[in-house]
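Have a look at the structure below, then the notes.
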Amino acid sequence: MTKLEFEAMSVVAVGSFNIYIFEPKWLVKQNVVSKEPDRFELALSRPGFRVTAGDLILTIEPHRVEIRCEDAGRDCVPAMKQILLSLPETPMTALGANRHYSGRLESDDDLPVFNKSVPDSLFGACLPTSRALTLKFPPSARVVQEFSLEQDKRVVKATANAETLDSDASELAERIDSLPKALDSLATTVCDPLNLELSPSPLKVAP
């Protein structure tokens with residue numbers, strides 16, 4: 001069993017945003033953050049900026065808003081939900097949630113799933129240094145689940161993704177609470193077949 005530790009969670013909204021609305025005082029007023037941000041960084045190469053407020057990192061760009069946190073006990077969803085509720089007229093495209101994990105193997109051996117899928121014997125003397133696998137599942141309750149696994153020598157990374165599509169910000173605000181449960185369901189589905197242990201353990205829910 002390969003153990004992977006939580007690295008970060010992110011929630012991403014894709015649409016057409018007026019980035020100048022996202023002033024520090026507005027973020028507090030709309031209950032996106034509890035106090036004015038600690039850091040405010042402008043992007044020099046393109047329109048947008050990054051805001052750090054406690055353990056939340058907000059990246060604001062005209063085509064997307066991302067909220068990221070690296071504390072496994074912190075949920076990014078409420079902050080994003082407040083943004084969607086505060087900007088109901090914003091044209092939207094998609095909303096997604098991600099959990100990122102990483103770990104390190106004790107040997108140079110490939111993960112079992114890669115040994116089974118494409119054995120080294122097929123490559124002769126020219127062996128690949130990294131391998132990747134992506135599993136995408138049919139939509140359930142308008143949410144698509146995807147799990148990506150990558151091994152580069154002894155370093156293993158995994159990402160669980162749950163995404164839903166809609167042009168209405170208010171509709172996405174109603175669906176956003178289902179995304180963490182979808183991520184838990186996805187982990188429940190893939191961990192045993194891929195011989196993985198995610199830490200902290202996701203809630204055991206039916207896929």
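Numbers at a glance
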item: Pair list, Cβ under 6 Å, 6 or more apart: the range 110-135 residue under 16 Å from Lys153 (Cβ atoms) and β-branched (Val, Ile, Thr), other residue at pLDDT 70 or above and part of a strand (DSSP E or B); result: none
item: Scan of the range 177-186 for residues that are free of Cβ contacts under 8 Å to residues at least 60 places away in the same chain and not charged (D, E, K, R), ordered by number; result: Ser178, Ser185, Leu186
item: Val65 vs. criteria modelled with pLDDT under 95 and surrounded by 16 or more Cβ atoms within 10 Å (Cβ to Cβ); result: no
item: Scope the range 1-36; condition buried (at least 17 other Cβ atoms within 10 Å of the Cβ) and in a loop (DSSP other than H, G, I, E, B); matching residues; result: Phe17, Phe22, Val32, Val33
item: Residue that is surrounded by 17 or more Cβ atoms within 10 Å (Cβ to Cβ), modelled with pLDDT of 95 or more, in contact with a helix residue (DSSP H, G or I) (Cβ under 9 Å, 6 or more places away or on another chain) and not in a strand (DSSP E or B), where the choices are Ala173, Ala160; result: Ala173
item: Neighbours by Cβ (under 8 Å, 6+ apart or cross-chain): first from the range 37-50, free of Cβ contacts under 8 Å to residues at least 60 places away in the same chain and surrounded by 12 or more Cβ atoms within 10 Å (Cβ to Cβ); second of a type in the set (Lys, Arg) and outside any loop (DSSP other than H, G, I, E, B); result: Phe40/Arg50; Glu41/Arg50; Ala43/Arg50; Arg50/Arg39
item: Criterion: at pLDDT 85 or above, of a type in the set (A, V, I, L, M), within 26 Å of Leu183 (Cα to Cα) and under 23 Å from the mean Cα position of the chain (by Cα) - qualifying residue of Val33, Val113; result: Val33
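The values are calculated or read from the model by the stated rules, or taken from the named source; none is laboratory data. Quick caveat, the model's predicted, so the values are computed rather than measured. Here Cβ is always computed from backbone atoms with ideal geometry, including for glycine, and neighbour counts include all displayed protein chains.
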